[in-house]
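The structure appears right after this line, and notes come after that.
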Amino acid sequence: MSDDTGILIFLAVGVLVVIGIVVFGVLSSRRKKKATSRTFSVRSGRIGTQPFLESSDLALDDTRQEELFRLTYEIGGSLQIPSDDEPDDRTVHISRIGRSLRAGFPQAKIGLSVYFREWENSEFPARFPVRGDHGTTAVTMDAAGVTALDANSSIVWTSPWSTLRFSNGPDLVLLDGAGKTVRLQPADAQPEVEEIVIKYGTLQQMHF
């Protein structure tokens with residue numbers, strides 16, 4: 001076999017391998033888009049005494065499983081959850097679905113959370129001690145939005161919920177509607193801060 005023939009065979013094999021990878025990827029993507037079975041599980045969580053549901057981790061690009069989750073827990077629909085103070089399950093009504101980051105680079109995934117009308121705005125008003133940039137030492141939250149304060153209780157950052165974007169990676173990054181951010185450190189933040197932001201804010205991946 002000549003050297004030229006060997007090179008041509010090597011190149012042909014390489015092309016076939018590349019074609020195989022592309023075809024496999026396309027078929028896999030189509031299977032994901034057409035999936036009818038749920039691959040996620042659901043567990044219960046709490047913000048203080050408020051119950052909510054959250055999914056297991058989902059791949060960032062698995063839009064079909066997110067669609068199935070939203071079809072399962074349709075906003076405006078109802079379901080039954082265990083009651084803390086009654087023998088029978090309690091009927092509650094779905095008010096919103098939250099999205100959040102899970103895991104870390106390079107395997108970042110998303111989580112989906114289900115919240116109920118019966119506890120809408122029940123967290124407010126609230127104030128939490130935190131540590132963050134711009135001299136932030138506390139955040140306050142009410143039905144209108146979230147505000148970061150310094151040690152003198154002066155406002156260093158604020159945003160209404162309607163324009164708030166967040167990214168909950170190694171720390172919690174909040175973005176207002178004008179492009180200004182504040183970064184909070186989770187070591188000193190109350191866990192409820194992140195949970196409330198996930199509930200009322202909108203996920204925008206700003207970490208990876």
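Where does the Debye-calculated log10 I(q)/I(0) of the stretch 69-183 sit at q = 0.10 Å⁻¹, using only Cα point scatterers of equal weight, no solvent?
Ignoring solvent entirely, the Cα scatterers give -0.42.
Let me test this: with uniform point scatterers at the alpha carbons of the stretch 134-208, what is the Debye-based log₁₀ I(q)/I(0) at q = 0.11, 0.21, 0.23 1/Å?
Taken in order of the listed q values, log10 I(q)/I(0) reads -0.22, -0.89, -1.09.
Report the antiparallel proportion of the DSSP beta bridges in the stretch 48-202 as a percent, rounded to a multiple of 5. Present the calculation step by step, with values, prior to reporting the outcome.
On the way: 38 of 39 bridges.
Taking every DSSP beta bridge within the stretch 48-202, about 95 percent pair in antiparallel fashion.
Enumerate the amide H contacts of Ala138 below 5 Å, restricted to partners 5 or more residues apart or on another chain; note that Pro and chain-start residues carry no placed amide H.
For Ala138, whose amide H was placed from the backbone, the distant partners under 5 Å are Val130, Leu149.
What is the distance in Å between the Cα centres of the stretch 129-184 and the stretch 90-115?
So the separation of the two Cα centres works out to 21 Å.
Tell me, what HN-Hα J-couplings in whole Hz come from the Karplus equation 6.51 cos²θ - 1.76 cosθ + 1.60 at θ = phi - 60° for each residue of the stretch 109-116, using x for Gly and Pro?
After applying 6.51 cos²θ - 1.76 cosθ + 1.60, I find 10, 10, x, 10, 10, 10, 10, 10 Hz.
Can you pull the percent of Cα pairs in the stretch 96-163 with separation above 17 Å?
More than 17 Å apart: 58 percent of the Cα pairs in the stretch 96-163.
Of the listed peptides 62-69, 51-58, 175-182, what is their order by residue-averaged count of other C-beta atoms within 10 Å, with the highest listed first?
For the peptides 62-69, 51-58, 175-182, the packing ranking is 51-58, 62-69, 175-182.
Here, each number is a calculation from the coordinates, and none is a lab measurement. In this text the structure is predicted, and so the values were computed from the model without any measurement. Glycine also receives a Cβ, built like all others from the backbone with ideal geometry; neighbour counts cover every protein chain displayed.
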